[in-house]
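Written out below as structure tokens is the structure these notes cover.
Read-outs throughout are calculated quantities, based only on the coordinates presented, and are distinct from any laboratory measurement. Since the structure is predicted, the reported quantities are computational estimates derived from the model, not experimental observations. Because the Cβ atoms are built from the backbone with ideal geometry, glycine has one as well, and the counts that use them run over all protein chains shown.
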Amino acid sequence: MYFSGSGEYFIPLLPVFLAIKLWVMTMDNDTIAAIATALSPSGIGIIRMSGAESFSITDKIFKTKSGKCLNISSKPTHTIHYGYIYDGDEAVDEVLVMKMDGPRSYTAEDTIEINCHGGPYLMKRVLDIVIKYGARAADPGEFTKRAFMNGRIDLTEAESVMELISSKNEFARRNSLRTLRGSVYKIIEELREKILHETAFIEAALDDPEHYDLDGYPPKLRKIVVGLIDKVSGLLENSGSGKLLADGIQTVIVGKPNAGKSSLLNMLLGEEKAIVTDVAGTTRDAVEANLKLGEIVLNIVDTAGIRDTDDTVESIGVDKSKKLADEAELILYVIDSSVPLDENDKEIIDIISGHNVIVILNKSDLETVVSEEDINDMLECPIVSASAKDEKGIEELKNSVEKMFFDGVLEHNDEVYITNKRQIESLKNVKESLKLVINSIDSQMSEDLFSIDLMDAYNCLGSIIGEDTDDDLADKIFSDFCMGK
């Protein structure tokens, strides 16, 4: 409970907000359906239905082999039943049907899942039958949107569903699962509770100064707000490493022609992704790939060799290489260690100076003329000795990337990492609002101004978990989901 503006107590608004959500859903509670599994040949396919008519629709199409209605409406919740899907008098497929009564389902609504055989045509046929008898085709993400609107999950949990599905490595999977279990919601709610308590106290003191005294309060509030800023700053700092681990590091391979860039890419991928020849300038356009080094994902681009050239097409490729290098989060500078450095190397070093760079001294299987000391004189960065021919240097490269980006993170990744871009932007706004509170306190401004910025921070935190989320934002978030989820 909290102080109200009149000095009395009031109940937090969360239950009211959820009640409004539920009321909105009852105004548009049609039954939706979609294929919930991949639309490709497989042993099993699942057609999912959610809404008030799910059971009655199933009663019309789910029968025994002889055509007798199985009356799914009368069956206990969370049970599975065997039978056939019918279109009129025609048996279409042999299936298992799972029944789930709301609110004990993913959407918190009455839900049916039809497990049919997994051929694409057959799954579409069963979906068409479900729609024919009363359901409508679900929009992308509409099942998860209903789970959110019905109060079963908050917005961070909803977004983590898609992040879990698209996770690229074990870190991303674990982090998405932690968020799905409410780890981010818990942190955000704790911050909101503290802000709301202080705001309520300020409002109560302004309305009823005889009972609530603000003397000496600003220094106390300043200490509390500094603590809140530290907490938000910690979340933002973690978000950088977390986002790189979850989404991958935007990486560009640069170097002179014939330095072995494409051979290095092929070695890291374990396949012939890029064309490799002895002819300098073979790679004229960017070659993109995703590769996994332990827990690390590199979104990697092999670029045209950087050199002075009169070839118009190659020159375009060189310009593109320079642009990609300038935008990259990590640059792998490949040097042919069997030939001396030249003016082209100096140009490349000028381009990549000031970026995150790992130098790879390639062709270590040959007699080398370029040493680590030569590189250290021009660049301060990790150096890895490698041989694409002998497939040496992968482990050293992985260790260098880990140390550069994730020093300590990979060993202590049980913390909460906010990796969602929308949530990160909201946290930045929270921090700015809290800093304004500090400025107001330090400027000895009126206490009523403190509550304005405190409530801005409170509302920004609310937008992270879905409190007061407008329809356009919700539609945008869930439109990115896959069908059937």
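Straight-line cross-link partners of Lys132 among the lysines, defined as a Cα under 17 Å from its Cα and at least 8 positions apart when in the same chain: Lys60, Lys63, Lys124. Taking other C-beta atoms within 10 Å as the exposure proxy, Lys389, Lys99 rank Lys389, Lys99 from fewest upward.
The charge dipole of region 78-148, taken about its Cα centre with unit charges on the Cβ of Lys, Arg, Asp and Glu (plus for the first two, minus for the last two), comes to roughly 280 debye. Residues whose amide H lies under 5 Å from that of Ala38, counting only those 5 or more places away or on a different chain, are absent; hydrogens are built 1.01 Å from N in the peptide plane. In order along region 111-119, the Karplus-derived 3J(HN,Hα) couplings, from 6.51 cos²θ - 1.76 cosθ + 1.60 at θ = phi - 60°, round to 9, 10, 10, 9, 8, 10, 5, x, x Hz, and Gly and Pro are given as x.
Would you mind checking Lys194/Lys431; Lys194/Lys231; Lys256/Lys346; Lys145/Lys186 for any pair whose Cα atoms are more than 18 angstrom apart? Among Lys194/Lys431; Lys194/Lys231; Lys256/Lys346; Lys145/Lys186, the Cα-Cα distance tops 18 Å for Lys145/Lys186. Each peptide in 144-152, 36-44 receives the mean, over its residues, of other Cβ atoms within 10 Å, and ordering these scores from highest gives 144-152, 36-44. Computed packing ranks the peptides 419-428, 222-231 as 419-428, 222-231, most packed first, by mean other Cβ atoms within 10 Å. Computed about the Cα centre, the dipole magnitude for region 31-138 is approximately 60 debye when only Lys and Arg (+1) and Asp and Glu (-1) carry charge, each at its Cβ. Other residues with beta-carbon under 14 Å from the beta-carbon of His355 carry, at +1 per Lys or Arg and -1 per Asp or Glu, a net charge of -3. The ranking of Cys460, Cys116 from fewest to most other beta carbons within 10 Å of each one's beta carbon is Cys460, Cys116.
For every other residue with a beta carbon closer than 10 angstrom to the beta carbon of Glu113, add +1 if it is Lys or Arg and -1 if Asp or Glu, then tell me the sum.
That works out to +2.
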